[in-house]
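Written below as structure tokens is the structure these notes are about.
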Amino acid sequence: MKVQSARFGEIEVAENSVLQFVSAILGFQEETQYALIPQVGESPFQYIQSVKDPNLTFVLADPFPFCADYEFNIEERWLQKLDLHSQEDVDIRVITTVRSASDISINLKAPIVINKKNKAAIQIVLDNIEYSTRYSLLTEQREAE
């Protein structure tokens, strides 16, 4: 299928690479389908592009290379919504915000949980007060906080 993107132009994506959010990303209630744009090489980053809105692209990151002790339990209600039955089918991503070259952060408070088999996805908000919505990817900034 072809998807229009302000960032990438017209892109061809496989039907099975479209994430279907069973509950929309916070603040973007109208958008529930995003094309998953593959990572380049070993990069921990990748993009998701709204299938309907060419101007809506998110940078996602694998949180574990940046925060090795990041962990949480996925509540049963989310497992059911995503039809998740095996830990091997779970993929965790977080939204990355780039404000400038010296201000890059990830949102550990509201991860995106993806069922790799059926491409169902959801953004959940964690109760854990230790996780920030602006976890800096720059070590120097984390040490200064």
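The values are calculated or read from the model by the stated rules, or taken from the named source; none is laboratory data. What you are looking at is a predicted structure, and each value in this text was computed from that prediction instead of being measured. FYI the Cβ positions are ideal-geometry reconstructions off the backbone, even for glycines, and counts take in every protein chain you see. Surface accessibility is based on the protein's heavy atoms, side chains included, excluding ligands, DNA and RNA. Shrake-Rupley method; radii C 1.70, N 1.55, O 1.52, S 1.80 Å.
For this structure, a couple of remarks:
- Close pairs from segment 118-145: first within 15 Å of LEU26 (Cβ to Cβ) and assigned to a loop (DSSP other than H, G, I, E, B), partner at pLDDT 85 or above and open to solvent by 70 Å² or more (accessible area, probe 1.4 Å), Cβ under 8 Å, at least 6 apart: ILE124/GLU75; VAL125/LEU26
- Note on segment 40-61: residues that are in a loop (DSSP other than H, G, I, E, B), open to solvent by less than 70 Å² (accessible area, probe 1.4 Å) and at pLDDT 95 or above amount to 4.
- Qualifying residue in segment 30-39 (condition: of a type in the set (S, T, N, Q), without any contact (Cβ under 8 Å) to a residue 40 or more places away in the chain and assigned to a strand (DSSP E or B)): yes
- The number of residues in segment 66-96 that are among the polar types (S, T, N, Q), surrounded by 15 or more Cβ atoms within 10 Å (Cβ to Cβ) and modelled with pLDDT under 95 comes to 0.
- Any chance ARG77 is of a type outside the set (S, T, N, Q) and within 15 Å of LEU26 (Cα to Cα): no
- Complete set of residues in segment 1-16 that are surrounded by 15 or more Cβ atoms within 10 Å (Cβ to Cβ) and aliphatic (A, V, I, L, M): VAL3, ILE11, VAL13
- In summary, ALA35 fulfils each of the numbered conditions (1) at pLDDT below 95; (2) open to solvent by less than 60 Å² (accessible area, probe 1.4 Å) with the single exception of condition (1).
- For segment 42-94, taking the residues that are farther than 18 Å from ALA120 by Cβ and among the hydroxyl-bearing types (Ser, Thr, Tyr), the one that is nearest to the chain's Cα centre (by Cα) is identified as TYR47.
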